[in-house]
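Asker: Can you keep this structure in mind? I'll have questions shortly.
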2 protein chains.
Amino acid sequence: MTTTAFQDYYPDDFSHCYGCGRLNPHGHQIKSVWDEEESVAHFTPEPHHMAVPGFVYGGLIASLIDCHGTGTATAATYRQQGRPMDSNPPLRFVTASLNVDYLAPTPMGVALEIRGTVEEITEKKVVVAARVMAAGKTCARGRVVAVPIPDTMLKIIQETKK
Amino acid sequence: MTTTAFQDYYPDDFSHCYGCGRLNPHGHQIKSVWDEEESVAHFTPEPHHMAVPGFVYGGLIASLIDCHGTGTATAATYRQQGRPMDSNPPLRFVTASLNVDYLAPTPMGVALEIRGTVEEITEKKVVVAARVMAAGKTCARGRVVAVPIPDTMLKIIQETKK
């Protein structure tokens, strides 16, 4: 298992995400790494991340799958291109579609494990399947269709900096 | 348009949700109301709810669709049963599946409008289609399959209070 998270390789402009940005002090700062052919992230929900007392909020679970999915898509593309994640040009994926099936209520108070596998990888998109586990039990399954960040967004990021 | 939000009728035990709980000071406190046959909610993302500079985080959009969907499912079921939302027994729905298609990047700095329509309503589930608009443009479409909160969760909510 590597020690530097996918998200920690994102350049500063791509590191403000509420889900996974290392520069967003209010966000979840999700960290994903490879574990052989799967990607893995761990996240312990805060007490206020609840749905009803005792159970984790489904929107948080969707967020974990979302950022773990785009992070995995990014890392998988660097790997496919045979170059390290700190090489140029930097890659960043955004979500085209997100799908989550909530299989069982997710208990509060334990670290969640999110595991991803790359189902499809082309120049246009990367499809990542993910599952979320609590204490060894799979509570949710999801799928992220990730696409390279469009030029229109890159242009506005640059304008926002001015 | 009614003035009391669906979520404001939830009993206290169902009002701690990070997405829509009126008793969760750290949460989004989403409020949904009827607008004739559609349900509608408005939410202005905070600056830290970003994906990349200038654009709203997709996980937040998923959360808005999630809570607006379960809220709409709850309100639609009361309406179908011909009783007001403050009558007993209280209803509460949870999400069985959530689907979001991100059609266009969602700009920061404007109020988002989330609109829902009930596609299917049975005793076992309510399906709500939703769209998220920014400045009149539809940025995301989603679908929530909502189911009545299971007895196993109700039991743990009661145990959590002890």
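The values are calculated or read from the model by the stated rules, or taken from the named source; none is laboratory data. Keep in mind that what you see is a predicted model, and the values were worked out from it rather than measured. Neighbour counts run over all protein chains shown; Cβ positions are idealised from the backbone, glycine included.
Asker: Could you figure out which of (1) surrounded by fewer than 23 Cβ atoms within 10 Å (Cβ to Cβ); (2) touching a residue at least 12 places away in the same chain (Cβ under 8 Å) isn't true of A:G71?
Answerer: (1)
Asker: Can you name every residue in the range A:98-129 that is facing another protein chain (nearest Cβ under 9 Å), in a strand (DSSP E or B) and in contact with a helix residue (DSSP H, G or I) (Cβ under 9 Å, 6 or more places away or on another chain)?
Answerer: Residues satisfying the conditions are A:L98, A:N99, A:V100, A:Y102, A:P107.
Asker: Okay, moving on. Does the range A:130-156 hold any residues that are in a helix (DSSP H, G or I) and either in contact with a strand residue (DSSP E or B) (Cβ under 8 Å, 6 or more places away or on another chain) or surrounded by 19 or more Cβ atoms within 10 Å (Cβ to Cβ) (or both), and which are they?
Answerer: Just the residues of the range A:130-156 that are in a helix (DSSP H, G or I), to begin with: A:151-156.
Passing the criteria: A:M153, A:I156.
Residue by residue, here is whether (1) at pLDDT below 95; (2) among the basic types (K, R); (3) surrounded by fewer than 24 Cβ atoms within 10 Å (Cβ to Cβ); (4) closer than 30 Å to B:V144 by Cβ holds:
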{"position": "A:H28", "(1), (2), (3), (4)": "no, no, yes, yes"}
{"position": "A:T44", "(1), (2), (3), (4)": "no, no, yes, yes"}
{"position": "A:I65", "(1), (2), (3), (4)": "no, no, no, yes"}
{"position": "A:P89", "(1), (2), (3), (4)": "yes, no, yes, no"}
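Asker: Given the condition within 13 Å of another protein chain (Cβ to nearest Cβ) and assigned to a loop (DSSP other than H, G, I, E, B), answer yes or no: does some residue in the range A:55-64 qualify?
Answerer: Of all residues in the range A:55-64, those within 13 Å of another protein chain (Cβ to nearest Cβ) come to A:55-64.
When the remaining residues are screened for being assigned to a loop (DSSP other than H, G, I, E, B), the result is A:57.
Yes, the conditions are met somewhere in the range A:55-64.
Asker: Can you name the residue in the range A:11-52 that is among the charged types (D, E, K, R) and part of a loop (DSSP other than H, G, I, E, B) and is also nearest to the other protein chains (Cβ to nearest Cβ) among such residues? Before the answer, list the steps.
Answerer: Just the residues of the range A:11-52 that are among the charged types (D, E, K, R), to begin with: A:12-13, A:22, A:31, A:35-38, A:46.
Add one more test, that the residue is part of a loop (DSSP other than H, G, I, E, B), and what stays is A:22, A:31, A:36-37, A:46.
Working: A:R22: 13, A:K31: 15, A:E36: 27, A:E37: 25, A:E46: 8 Å.
For the range A:11-52, the residue satisfying everything is A:E46.
Asker: Confirm whether B:M85 is surrounded by 15 or more Cβ atoms within 10 Å (Cβ to Cβ), over 12 Å from the mean Cα position of the chain (by Cα) and over 28 Å from B:M153 (Cα atoms).
Answerer: On the way: surrounded by 15 or more Cβ atoms within 10 Å (Cβ to Cβ): yes; over 12 Å from the mean Cα position of the chain (by Cα): yes; over 28 Å from B:M153 (Cα atoms): no.
Against the criterion (surrounded by 15 or more Cβ atoms within 10 Å (Cβ to Cβ), over 12 Å from the mean Cα position of the chain (by Cα) and over 28 Å from B:M153 (Cα atoms)), B:M85 does not qualify.
Asker: What's the number of the condition B:T95 fails, among (1) within 14 Å of chain A (Cβ to nearest Cβ); (2) of a type in the set (S, T, N, Q); (3) more than 15 Å from A:S97 (Cα to Cα); (4) part of a helix (DSSP H, G or I)?
Answerer: (4)
Asker: Any idea how many residues of the range B:133-157 are out of contact with any Asp or Glu (no Cβ under 7 Å at 6 or more places or on another chain), at pLDDT 95 or above and more than 10 Å from every other protein chain (Cβ to nearest Cβ)?
Answerer: Number of matching residues: 6.
Asker: Still on this structure: Which condition does A:T160 not pass, out of (1) of a type in the set (S, T, N, Q); (2) modelled with pLDDT of 95 or more; (3) under 24 Å from A:D13 (Cβ atoms), if it passes all the others?
Answerer: Every condition holds for A:T160 apart from (2).
Asker: If A:D8 meets every condition in (1) out of contact with any strand residue (DSSP E or B) (no Cβ under 6 Å at 6 or more places or on another chain); (2) part of a loop (DSSP other than H, G, I, E, B) apart from one, which number is that one?
Answerer: Failing condition for A:D8: (2).
Asker: Of the residues A:P90, A:P84, which single one is more than 10 Å from chain B (Cβ to nearest Cβ), touching a residue at least 60 places away in the same chain (Cβ under 8 Å) and over 25 Å from A:T44 (Cβ atoms)? Step through it out loud before you land on a result.
Answerer: Working: A:P84 fails: touching a residue at least 60 places away in the same chain (Cβ under 8 Å).
Every option except A:P90 fails the conditions.
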